[in-house]
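The block underneath contains the structure these notes are about, expressed in structure tokens.
Computed from the coordinates by the stated procedures, all read-outs in this text should not be read as laboratory data. Computed from a predicted structure; not experimentally measured. Note that each Cβ is placed from the backbone with ideal geometry, even for glycine, and that neighbours are counted across all protein chains shown.
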Amino acid sequence: MPEPTRIHVPIGSGRIALLRHGSGAPLLVLHAAGGAGEWNEYLELLSAAVDVIAPDHPGFGHSDDLPEVTDTAGIARLYLELLDRLGIGPVDVAGASFGGWVAAQLASLAPERVRRLVLMAPAGLHLPEHPPADLAGLGPEGVVRALYLDPRRAEEVLAAPRSAPALARAARDAAAAARFARALPDAPPLHDPELPGRLTRISAPTLVLLAEQDEIIPREHGQAYASAIPGARTDTVAGCGHALYFEQPRAVADRVLRWVGATR
């Protein structure tokens, strides 16, 4: 697998790290709470047709903490500045889970900057009858098992050897995810009470991808996003749990590329 270019962009009080690879129209790819800074099969498939720009969120992967960024709306504003520094105008955006929450914030705060939008099992809404999983209660191994529909895939992930630096990055990612998940002390975790009112501002054609079975963020959350965003469509990716692009990378990449009008 070809190596992408890792770039460190000075911004705010530190630097944002990003991986960039491919050619064609730019696609801003926003990662979930895990896997920051890692080039994977999904990104490689995308890069065959588009210019993949995959930043690590503040505090994740190889990016600095940027303590002045306190919530997902702040991350979205940071990425608008990042796009300015990279000289990129209107851009396609694809975000998964936590990254889907950030993508929705970006598209609602600056609708004119997003050409087309893909949200995959997005976090960010509060549905009392369909709460997200209690990740702390599941524990690390339980979270991995809940991420995948196929238990064999989960066991493969759990059995794979991990280096000390990789374990340290995973622990840092988990701490950053917890920081942003509870950024608003009076709100439930993984929720921004102001977001639902902003979703109607999104003007980009929007596709919401749902997992066949999601044990982390119930499918109803993605359906609620689609109901709130004008003209949004939904599609279900068969054979996967919440970790859509890890469990079914080709099916997810194909849907993203079709939506943004690119082909491999």
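Couple of notes before you dig in:
- Computed over segment 100-148, Kirkwood Rh from alpha-carbon pairs, angstrom: 13.0 Å
- Charge dipole (Cα centre; +1 on Lys/Arg Cβ, -1 on Asp/Glu Cβ; no other charges) of the chain amounts to roughly 560 debye.
- Å³ per residue enclosed by the Cα convex hull of segment 140-219: 142 Å³
- Dipole of segment 5-260, positive end: most advanced residue of Ala228, Val114, Ala76 [Cβ charges, Cα centre]: Val114
- Segment 130-246, dipole about Cα centre (Lys/Arg Cβ +1, Asp/Glu Cβ -1), debye to the nearest 20: 380 debye
- In the chain, helical runs assigned H by DSSP with n ≥ 4 each contribute -39500 (n - 2.57); averaged across all residues and rounded to the nearest 500, the mean residue ellipticity at 222 nm is -11500 deg cm²/dmol.
- Value of Rg/Rh across segment 64-209 [Cα atoms, Kirkwood radius]: 0.99
- Computed over the Cα atoms of segment 26-102, pair by distinct pair, the Kirkwood hydrodynamic radius stands at 12.8 angstrom.
- Mean Kyte hydropathy of 1.6 or more with a Cα span along the axis of at least 30 Å, helices from DSSP in the chain: none
- Ranked by the mean number of other Cβ atoms within 10 Å of their residues, highest first, the peptides 55-61, 13-19 fall in the order 55-61, 13-19.
- Cα-derived Rg over Rh, computed across the chain with Rh taken as Kirkwood radius: 0.92
- Ordering 164-172, 123-131 by mean Cβ neighbour count within 10 Å, with the highest value first, yields 123-131, 164-172.
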